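Structure record follows, encoded as structure tokens.
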Amino acid sequence: MTTEGTPIGTGTWIVLPTYDEADNIGPVTAAILASLPGATLLVVDDDSPDGTGRLADELAAADPRIRVRHRAAKQGLGRAYLDGFGVALAGGAERVVQMDADFSHDPATLPALIAPLEADRADLVIGSRYVTGGGVVDWGIGRKVISRGGSLFARIVLGLPVNDLTGGFKAWRASTLAAIPFAGVHAGGYVFQIEMTFRADRAEARITEVPITFRDRRVGQSKMSRRIVVEALVVVVQLRAEELMTRFRRRRPADGTTDDAPTI
């Protein structure tokens, strides 16, 4: 509880996409709500074959803070997040947190993640593995290189002042999230995280990073694949190319003149 007696996390929605997380859904929802007792937890399940959605329904029936969004089929992490964001914003969320359901994002760090939003010091807070105090455990060298290399590549190409661009543990001010046109987002898995931060930065959102320790999932298999990584690299280049083209078009009106051409 806060000093005023309001439960910690009031006004915050946690969007939790799931696909085959039956072993994790009970423990992770309990841990999240223990960390932010006043939050609303939205499980977005992509028709998990292992019954995750059914288990989430049972949890929701027992706890009014838990809600479930059922989707007809697996359509990718980004689509699940965008769907959940829409539900949270329509539900009156003041802050929206996105996180994994496999305990790679520690629920105990949630109060620190939303603190800059509550203090009006940021519009987007990124749980960062690559700032002082952050880190990764249980990863092999190959995955560390891919993750850090992907972040560095996107940071350079897109000119973003963020160290961890591929992480998915984030807290958004609702108004900042609502200002992003979801229809234009490339909602693939890995690149979704990069693009949403890119769009927030271009909208002049205040972005800050807080250190987290990322741990590999407790049970189940990682959903990372080579295709996802390649897609991320391609879309990063596309985003930059689209941005440059838009700037060029603004400087070159249809009649062939430029912005600084003299008028007659």
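Note on surface exposure: D47, D123 rank D47, D123 by accessible area, highest first, 1.4 Å probe. Within the accessible area of the chain, the carbon and sulfur atoms contribute 54%, probe 1.4 Å, all protein chains present.
Can you give me the accessible area per residue for the chain, using a 1.4 Å probe, in Å²?
Working: 12700 Å² over 264 residues.
I get 48 Å² per residue for the chain.
Extension gain Q75-R148, at 0.36 nm per residue separation less the Cα-Cα distance, in nm? Value of the extension gain: 23.7 nm. Annotation: peptides 238-249, 33-44, ranked by per-residue average of other Cβ atoms within 10 Å with the highest first, follow the order 33-44, 238-249.
Projected label points at A34 and A62, each 7 Å from Cα along the beta carbon direction, are separated by 1.4 nanometres. If both residues of a DSSP beta bridge must be in the chain, then about 25% of such bridges are antiparallel.
For the pair segment 147-175 / segment 5-22, the C-alpha centres are spaced 22 Å from each other.
For the chain, take the longest principal axis of its alpha carbons; what is the angle in degrees between that and the long axis of helix 189-202, to the nearest 10 within 0 to 90? On a 0 to 90 degree scale, this one is about 60.
Listed values [x] 25.1; [y] 19.3; [z] 18.7 include one computed from this model; for Kirkwood radius over Cα pairs in Å that value carries the label [y].
For the chain, the longest principal axis of the alpha carbon atoms and the long axis of helix 22-35 meet at an angle near 80°. Here the relative contact order of the chain, from alpha carbon pairs under 8 Å that lie six or more residues apart, stands at 20 percent. Taking the average, over residues, of other Cβ atoms within 10 Å as the packing measure, peptides 86-92, 169-175 rank 169-175, 86-92 from highest down. Can you give the angle from 0 to 90° between the axis of helix 77-90 and the longest principal axis of the chain, with both taken from C-alpha atoms, to the nearest 10? Taking Cα atoms only, the helix is inclined about 80 degrees.
Report note on the peptides 65-72, 125-132: ranked by the mean count of other C-beta atoms within 10 Å, highest first, their order is 125-132, 65-72.
The values are calculated or read from the model by the stated rules, or taken from the named source; none is laboratory data. Just so it is clear, the structure is predicted and the values come from calculations on it, not from any experiment. In this analysis, Cβ positions are derived from the backbone assuming ideal geometry, glycine residues included, and neighbour counts consider all displayed protein chains. Remember, those area values only see protein heavy atoms, side chains included, never the ligands or the DNA or RNA. Shrake-Rupley method; radii C 1.70, N 1.55, O 1.52, S 1.80 Å.
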